[in-house]
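Presented below is the structure to which this report refers.
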Amino acid sequence: MKKEPVISIQHLNHYYGKGALRRQILFDINFEIYPGEIVLMTGPSGSGKTTLLSLIGGLRSVQEGSLKFLGEELYRASQTKLVNLRRKIGYIFQAHNLLEFLTARQNVQMAVELNKYISQQEAIARSERILRAVGLGSRINYYPDSLSGGQKQRIAIARALVNNPALVLADEPTAALDRQSGRDVVELMQRLAREQGTSILLVTHDNRILDIADRIVEMEDGVLISQSESAFVSSESGARTKS
Ligand code: ADP
Ligand code: MG
């Protein structure tokens, strides 16, 4: 029996603009992501990848079709529901989006403190633990300004993963990095996701990182094409048993 998908999308369409300017961007998307699965999405600029990511992340309202996150329907979902859902998702963007006036630890800690049941002490401990896990143990109290692009992106990864989300959405996370830093950053995401059982949906143009994927899909003019599927993804034992 298949595991319950983290994301389940059926007949999803999306449009921008109104009246005569209304333009369809996504066409009949059908797509699932299973627990622990790492899915890479490629495709030309303007094909609709970011739009799909923002819909999955609950950052934009679903207009047509069904989009379920952990079994919960997002179509016509309330703002409260969307806010709760966003807490279970980690976001990593092309630019790291760190706050320059906060240290590495404070940037991560902010994400932990969205959960009001966690004490400040615990939030600090968790933030420092995840920063050590991403190899920034010696940079915990540094400001982003004094860190390299790769280090900043690692803080962003720490921030995205610190709450142990069910899903991480990454939109071209290596675009601003050199080859080696880009590689390091995705391998780190892969390792942490495997350890935590987190699913990842990662948009990339970077052919050199495609091998970290369990599955690759391609967006073309708003249509999603499945490129490859690994048999183990739907197996009972799940994606994490892959070596
Ligand atoms: P990608 O991430 O693959 O580059 P996007 O999802 O960003 O693609 O964009 C898909 C199409 O939708 C593009 O033609 C883009 O110009 C258009 N678009 C994106 N965002 C908006 C918006 N907020 N309003 C109107 N059109 C948009
Ligand atoms: Mg984009």
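Worth a mention:
Every residue, every condition in (1) modelled with pLDDT of 90 or more; (2) away from ligand 2 (no atom under 16 Å from the Cβ); (3) over 29 Å from LEU52 (Cβ atoms); (4) hydroxyl-bearing (Ser, Thr, Tyr), yes or no:
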residue: GLU72; (1), (2), (3), (4): yes, yes, no, no
residue: GLN106; (1), (2), (3), (4): yes, yes, yes, no
residue: GLN120; (1), (2), (3), (4): yes, yes, yes, no
residue: GLY137; (1), (2), (3), (4): yes, yes, yes, no
residue: ALA170; (1), (2), (3), (4): yes, no, no, no
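- Selection of the stretch 52-74 for residues being on the phi > 0 side of the Ramachandran plot and either of a type in the set (Phe, Trp, Tyr) or open to solvent by 10 Å² or more (accessible area, probe 1.4 Å) (or both) yields GLY65, LEU70, GLY71.
- Filter pass, GLY222 being open to solvent by less than 30 Å² (accessible area, probe 1.4 Å) and at pLDDT below 85: no
- Residue in the stretch 16-36 that is open to solvent by 50 Å² or more (accessible area, probe 1.4 Å), among the charged types (D, E, K, R) and closer than 18 Å to LEU74 by Cα present: yes
Per-residue answers, yes or no, for (1) β-branched (Val, Ile, Thr); (2) assigned to a helix (DSSP H, G or I):
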| residue | (1), (2) |
| --- | --- |
| PRO5 | no, no |
| ILE9 | yes, no |
| HIS14 | no, no |
| ALA20 | no, yes |
| PHE27 | no, no |
| GLY46 | no, no |
| THR51 | yes, yes |
| SER66 | no, no |
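- Which listed residue is small (Gly, Ala, Ser), surrounded by fewer than 24 Cβ atoms within 10 Å (Cβ to Cβ) and free of Cβ contacts under 8 Å to residues at least 12 places away in the same chain, from SER146, SER181: SER146
The values are calculated or read from the model by the stated rules, or taken from the named source; none is laboratory data. Quick caveat, the model's predicted, so the values are computed rather than measured. Using ideal geometry, Cβ is built from the backbone for each residue, glycine included, and neighbour counts are taken over all protein chains shown. Protein only, heavy atoms only, side chains kept; ligands, DNA and RNA dropped before computing areas. Shrake-Rupley method; radii C 1.70, N 1.55, O 1.52, S 1.80 Å.
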